[in-house]
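Reading through the structure tokens given below for one structure.
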Amino acid sequence: MFSAVFRYPWLTGNHLSVDAVLSDYRRYDPLNDFREHSREVTPWVGHWIGDAGRVAATVSWFQMNSDRDGVTLSPDRRDEFLRVGIRGGFDTRDSWRDPARGWNNELLVMWYDGSVFDEPGQWPLIELDLRRYQPIAGPKNTLIIGNLVSWQDGQADVEIPRYLQYRMGGANSIRGYDIDELGQELFGANQWIFTLEYQREVIPLREFRFGRWAVSAGLDAATFVDVGNAWSEPDDFNRDHSRTGFGVGLRFLIPAVNELRTDIAIGEDGGVIFHLGVGDRLSAQRGRLR
């Protein structure tokens with residue numbers, strides 16, 4: 001099992017960018033109760049517009065293999081999709097690694113098509129990701145506001161396979177809930193997640209030297225609240241079907257993974273959950289694997 005991510009934002013000057021995701025996952029999926037063997041090749045070629053605007057396009061390949069019937073859309077236990085997508089947005093953050101001011105917004109439109117490989121499944125995905133980083137009460141305090149909406153037009157379990165539906169809970173969606181529990185209850189073809197997080201700088205991002213070696217690291221403390229929902233039927237997009245969690249945590253800014261997150265959160269049921277996450281959470285909540 002492996003996943004490789006490549007990013008090169010300035011291939012020629014500061015205009016052409018290339019991102020790529022290459023993965024081969026072999027794992028047991030407890031939420032959908034099957035052994036997954038999935039493969040993905042997703043290259044993005046982008047262009048920066050001015051100092052903040054960006055646009056990118058992809059032609060992607062995704063394949064899912066299951067060890068049992070009833071998981072894939074195809075009766076042969078294998079789904080295969082060509083994905084064509086475009087995304088655009090603007091990024092005014094003052095730092096890519098530890099932003100304290102600015103916007104990072106993106107609109108993604110992607111088309112899934114299994115007919116290219118004589119497989120079932122055709123539907124669009126539209127995703128709107130809005131993020132604001134706002135300094136408050138001095139430069140060491142940042143308020144982070146995130147709002148993510150993912151919408152897929154199709155019938156769940158008929159046109160949209162269950163493994164590509166969204167499940168709530170865990171470190172990368174609504175904190176305060178175990179994804180193995182809430183994910184069995186709150187899931188669907190669409191999702192909405194709102195996050196409000198206050199971060200306080202504890203150790204500023206700086207260079208630490210160990211003999212010949214030097215690393216850039218820092219530490220932030222955080223308190224947060226998450227609100228979210230996942231639904232397939234329009235009637236389920238309501239307050240009663242949503243969940244809220246809140247808590248506190250630490251953000252270890254370290255090389256390679258960028259950010260290591262430790263959170264203690266409480267859900268509406270009063271249960272206390274410890275979460276461990278890697279990477280920026282607002283980016284991680286867009287991933288298929290949580």
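The values are calculated or read from the model by the stated rules, or taken from the named source; none is laboratory data. The shown structure was predicted, so the numbers you read here are calculated from the model rather than taken from an experiment. Cβ sites come from the backbone with ideal geometry, for glycine too, and all protein chains shown count toward neighbours. Surface areas here come from the heavy atoms of the whole protein model, side chains and all, with no ligands, DNA or RNA. Shrake-Rupley method; radii C 1.70, N 1.55, O 1.52, S 1.80 Å.
Taking only protein heavy atoms and a 1.4 Å probe, the accessible area of the stretch 228-272 is 62% carbon and sulfur.
Here the accessible area is traced with a 1.4 Å probe on the protein chains. For the stretch 1-68, carbon and sulfur cover 60 percent of it. Considering the stretch 154-210, its Cα convex hull presents a mean projected area of 7.1 nm². When the chymotrypsin sites (Phe, Trp or Tyr not before Pro) in the stretch 156-231 are filtered for DSSP coil states and for at most 15 other beta-carbon atoms within 10 Å of their beta-carbon, no site remains.
Per residue, the Cα convex hull of the chain amounts to 144 Å³. Dividing the Cα radius of gyration of the stretch 203-290 by 2.2 N^0.38 Å, with N the residue count, gives 1.42. Here the accessible area is traced with a 1.4 Å probe on the protein chains. For the stretch 79-190, carbon and sulfur cover 56 percent of it. Its Cα centre serving as origin, the stretch 174-284 has a Cβ charge dipole (Lys and Arg +1, Asp and Glu -1) of approximately 900 debye.
The stretch 218-246 and the stretch 94-153 have Cα centres spaced 15 Å apart. Spin-label model, residue 185 to residue 250: label points 7 Å out along the Cα-to-beta-carbon direction sit 3.1 nm apart.
Quick one: what do you get for the stretch 35-91 if you divide its Cα Rg by 2.2 N^0.38 Å? Output field value: 1.59.
So which trypsin sites (Lys or Arg not before Pro) in the stretch 14-100 pass both tests, a DSSP loop state and at most 13 other Cβ atoms within 10 Å of the Cβ? Don't skip to the answer; put the middle values down first.
Values: sites: 26, 27, 35, 39, 54, 68, 77, 78, 83, 87, 93, 97; in loops: 68, 77, 93, 97.
Taking the stretch 14-100 and a limit of 13 other Cβ atoms within 10 Å, the loop trypsin sites (Lys or Arg not before Pro) found are 68, 97.
Computed over the stretch 1-108, the range of Cα coordinates on each principal axis works out to 50, 27, 22 Å, biggest value leading. Using the Kirkwood radius over C-alpha pairs as Rh, can you work out the diffusion coefficient of the stretch 136-248 via Stokes-Einstein at 4 °C, viscosity 1.567 mPa s, in µm² per second? Answer, rounded: 80 µm²/s. The overall shape of the stretch 128-184 is oblate: from the C-alpha gyration tensor, with semi-axes ordered a ≥ b ≥ c, the ratio a/c is 1.5 or greater and a/b is no larger than b/c.
Annotation: amide H of residue 186 within the under-5 Å range of 168, sequence separation 5 or more or interchain, hydrogens built in the peptide plane. Taking all protein chains together and a 1.4 Å probe, the residues 275, 241 rank 241, 275 from largest to smallest accessible area.
Heavy-atom accessible surface of the stretch 16-110, averaged per residue, reaches 48 Å², computed with a 1.4 Å probe.
The trypsin sites (Lys or Arg not before Pro) of the stretch 183-219 that DSSP puts in a loop, and whose beta carbon has at most 13 other beta carbons within 10 Å, are 212.
For the peptides 168-176, 215-223, the ranking by packing is 168-176, 215-223, with the highest mean count of neighbouring Cβ atoms within 10 Å listed first. From its DSSP helices (H runs of at least four residues, each -39,500 (n - 2.57)), the chain gives a residue-normalised ellipticity at 222 nm of -1000 deg cm²/dmol.
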